[in-house]
């Protein structure tokens, strides 16, 4: 009789008495052909009927799909090991971006999931924007699998959630918790896919209200709610925003404690957004990538695409663990500027710093550079240089930009002046909701921008 030592150890971990287990085994022995044999059916029955029953381990999703029940105690296949990465895309296409969502799903299928990398999507569609792929509507969950048909999503529908509200932050929490349970991995990335406008909560057009607006429900996720999402989920290795204008101090400070790296754009993203095959291909090819490397791959996949078609862009990777130091250094810089009395210089620098589609969003490095170059005060120069060095050194790990030639909506933009992190520069009073931000509560930034606007 062969006794599996590992099984006994695991049984002990589950607080099953070793002596009870041995007694159970030997009480089920039968004599046949001059030797003892183990009647496993009897043992199963005894364990199942005892108050110390061994709980069945969780099944890998693939095993569950095939109806295979894992049973480590009796020599059947062990639970599948965690993947290296599970990359989760919250694809809110319940708006005018729906055609681009369908394109992105097919880009993901060019690469497809593997046993090392799970590409998991919650995708939403509504009436009125796109009729491709059978014109299905509602919210569905997929594990993206590889195929060559770029006009149809061939991946299996894992769950059909009906008309789920993708503008409710709790929907994101539910999606990620499900994905992490069903497709466990050593590392996780969460991508918010939708319109975005930095921290802003107000404005006539609904797309200016934070991120992930659901046109059907009229709801959206604002910046404090992004913080609640990350806090509810625990640590996520990388968070990306496949959305406009999200790489801001105000947004990053809200989520910094529960993520390691943050990918985003200071400027608007074209409708095409991320180019998922260019981003995911290198990750699937080398699944042992670190979180830093996956963040860089997301930036490079985006940048390489727009370089290839000669279109202007911004995209950067921020180290979340350094965002608290950004607050410290920016407070020191703004205190020095206010103490110097160089208000006219600060106002001119604000007006000349590279700005984005929301005019009050401006690059923090470029603003600081203009103040430092024009200041006559040694403390301003010192504090400003320290802030600049920090942004391009420790904070923004990877930054890629391309100048825009301009077009129907705006003139040429020198995006190469942008160094990877924007901030809010109001022209008068603070917009409604700004004081609710963690950044506003912790920093002196709101006092500084209001000081600039005083006569």
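The values are calculated or read from the model by the stated rules, or taken from the named source; none is laboratory data. Since the model is a prediction, treat every value here as computed from it, not as a measurement. Glycine also receives a Cβ, built like all others from the backbone with ideal geometry; neighbour counts cover every protein chain displayed.
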Open item on the list: Of everything in the stretch 352-382, what is surrounded by fewer than 18 Cβ atoms within 10 Å (Cβ to Cβ) and either at pLDDT below 95 or on the phi > 0 side of the Ramachandran plot (or both)? Give them in sequence order.
Closed with: 357, 359
TODO: Output the residues belonging to the stretch 216-240 that are farther than 20 Å from residue 177 by Cβ and crowded, with 24+ Cβ neighbours inside 10 Å.
DONE: 220, 223
Open item on the list: Would you confirm, using the coordinates I've provided, whether residue 338 is at pLDDT 95 or above and outside the structural domain of residue 121 (by TED's automatic domain parsing)?
Closed with: yes
Open item on the list: Checking residue 292 against (1) touching a strand residue (DSSP E or B) at 6+ places or on another chain (Cβ under 7 Å); (2) surrounded by fewer than 18 Cβ atoms within 10 Å (Cβ to Cβ); (3) under 30 Å from residue 129 (Cβ atoms): exactly one of these is not met. Which one?
Closed with: (3)
Task: Residues located in the stretch 212-225, provided they are in a strand (DSSP E or B) and modelled with pLDDT of 85 or more - done: 212, 214, 219, 220, 221
- [ ] Within the stretch 113-133, work out how many residues are in contact (Cβ under 8 Å) with a residue 12 or more places away in the chain, over 23 Å from residue 278 (Cβ atoms) and over 22 Å from the mean Cα position of the chain (by Cα).
- [x] 2
Task: Extreme residue, modelled with the lowest pLDDT, among residues of the stretch 107-132 that are surrounded by fewer than 24 Cβ atoms within 10 Å (Cβ to Cβ) and closer than 21 Å to residue 166 by Cα - done: 128
TODO: Please give the number of the condition residue 284 fails out of (1) in contact (Cβ under 8 Å) with a residue 60 or more places away in the chain; (2) within 24 Å of residue 246 (Cβ to Cβ); (3) buried (at least 18 other Cβ atoms within 10 Å of the Cβ).
DONE: (2)
- [ ] Could you tell me which of the residues 156, 110, 152 is under 19 Å from residue 279 (Cα atoms), in contact (Cβ under 8 Å) with a residue 12 or more places away in the chain and in the same structural domain as residue 253 (by TED's automatic domain parsing)?
- [x] 110
Open item on the list: Just checking, does the stretch 257-278 include any residue being in contact (Cβ under 8 Å) with a residue 24 or more places away in the chain and farther than 30 Å from residue 111 by Cβ?
Closed with: yes
Task: Residue list for the stretch 147-184, restricted to those being farther than 24 Å from residue 235 by Cβ, out of contact with any strand residue (DSSP E or B) (no Cβ under 8 Å at 6 or more places or on another chain) and surrounded by fewer than 16 Cβ atoms within 10 Å (Cβ to Cβ) - done: 147, 148, 149, 150, 151, 152
TODO: Can you confirm whether the stretch 74-95 contains a residue that is touching a helix residue (DSSP H, G or I) at 6+ places or on another chain (Cβ under 8 Å), at negative phi and modelled with pLDDT under 50?
DONE: yes
